[in-house]
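First up is the structure itself, then whatever we jot down about it.
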Amino acid sequence: MIRSRENSKLVYRQNVNTQVKLRPLKRSDLQHINRILDNPQVYKFFNFQPPLSLSKTLDWFEEVKKKRKEGECFVAVADKVPIGWCYGFLNARIKKKILLFLSPHIRGIKRANLGYLAAIVVDPRHAKERIGEKLLKKWQNYLRRRGAKGIWLGVNSDNVAAKKLYEKFNFKLIGSINNFKKRKDGSIVNQDIYIKLMVEP
Ligand SMILES: CC(C)(COP(=O)(O)OP(=O)(O)OC[C@H]1O[C@@H](n2cnc3c(N)ncnc32)[C@H](O)[C@@H]1OP(=O)(O)O)[C@@H](O)C(=O)NCCC(=O)NCCS
């Protein structure tokens, strides 16, 4: 762990020099993805209850393959082992509730040019090593090349780490859906909606 002084506050940051390679998702990544998702620090922020079966992950893999014209899932690999991924695509279906928030911000942007960030995950053992940043940068640039004029996403309101990452990338909070989900422990979570425009509409 590296101890450094940033903005006159002491910041603890893990090994920022972890060498990662970023490449598209492969079928052989799925067992590693399941292992990473099977961690309460991760699944807490998703809508499933573990254990996650490999067949479910396989369904997701097939979906990623089908959507390859409109998006991509990039995987971060360190020492040949997948340790994170970032997935999203253009032209996602948008629920009415979310569209209410998005509409004023996406005037003039065709759905085919609107990107959706579906998931970004980093193995908690590699947290705060800037892997999330690397993945998001790669995926965002890829989507921009595919014609994205804006990107939106939804995130649990209590997901401090993810919100910090999105805000660092200039995503703007545009609304919040109350009572989005109830966790097993009974707590109620809201969903924050963010958008980033790649060019002014
Ligand atoms: C969100 C997530 C992808 C961030 O990945 P990461 O590789 O640890 O993040 P990075 O090292 O690239 O850090 C990016 C910024 O976020 C901040 N950050 C990361 N984890 C943080 C935490 N636990 N608390 C506060 N800030 C945090 C970093 O400090 C950094 O900002 P800074 O430069 O101002 O310090 C990771 O925490 C994760 O996988 N969470 C579980 C899954 C999830 O919630 N995904 C999002 C919903 S789809």
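Using a Förster distance of 22 angstrom, determine the FRET efficiency expected from the C-beta separation of A127 and L58, and round it to 0.05. Please list the in-between numbers first.
Values: r = 27 Å, r/R0 = 1.22.
Efficiency computed from Cβ-Cβ geometry: 0.25.
Judged by the mean number of other Cβ atoms found within 10 Å, the most tightly packed of the peptides 38-49, 105-116, 145-156 leads the ranking 145-156, 105-116, 38-49.
The simple Förster model, with R0 at 35 Å and r as the Cβ-Cβ distance, assigns N178 and K65 a FRET efficiency of 0.50.
For the range 18-197, averaging the sequence separation of C-alpha pairs within contact (under 8 Å, six or more residues apart) and dividing by the residue count gives a relative contact order of 19 percent. In the range 137-201 the Cα-Cα distances spread across 10 Å bins starting at 0 as 20, 44, 26, 9, 1 percent of all pairs.
For F180, the amide hydrogen comes within under 5 Å of the amide hydrogens of V189, N190, Q191, counting only partners 5 or more places away or on other chains and with H modelled in the peptide plane. The residue among A112, L102, L135 whose Cα reaches farthest toward the positive pole of the charge dipole of the range 84-201, with charges on the beta-carbon of Lys, Arg, Asp and Glu, is A112.
Which residues does the label zone of S187 cover in the range 38-53, counting backbone N under 19 Å from a point 7 Å along Cα→Cβ? The answer is 38-50.
Of Q19, Q140, Q191, the residue with the greatest mean-square motion in the GNM of the chain, using alpha carbon springs below 10 Å, is Q19.
Beyond 27 Å in Cα-Cα separation lie the following of the pairs K21/K182; K44/K164; K80/K137; K66/K182; K69/K128: K21/K182; K66/K182; K69/K128.
Take the Cβ-Cβ distance between Q19 and F45 as r, set R0 to 25 Å, and report the resulting FRET efficiency rounded to the nearest 0.05.
Working: r = 27 Å, r/R0 = 1.07.
The formula returns an efficiency of 0.40 here.
Normalised by the residues of the range 108-193, what does the relative contact order come to in percent, with Cα pairs under 8 Å and at least six apart? Kindly include the intermediate steps, with their values, before the conclusion.
Working: 85 pairs, mean separation 24.6, N = 86.
About 29 percent, as a whole number.
Name the residue, out of V20, V81, V64, whose mean-square fluctuation peaks in a Gaussian network model built on the chain with Cα pairs under 10 Å. Result for the chain, Cα springs under 10 Å: V81 fluctuates most. For a quick check, take a GNM of the chain with Cα springs below 10 Å and name the residue from D185, D158, D123 with the largest mean-square fluctuation. Of D185, D158, D123, the Gaussian network model singles out D185 as fluctuating most.
Per-residue ellipticity at 222 nm for the chain, helices alone: DSSP H runs ≥ 4 residues times -39500 (n - 2.57), over residue total, nearest 500 deg cm²/dmol?
Working: 6 runs with 56 residues, N = 201.
Roughly -8000 deg cm²/dmol at 222 nm, from the helical runs in the chain.
Every number in this text was worked out from the coordinates using simple rules, so none of it is lab data. Keep in mind that this is a model prediction, so the values were computed, not measured. With ideal geometry, Cβ positions are generated from the backbone for all residues, glycine too; neighbour counts draw on all protein chains shown.
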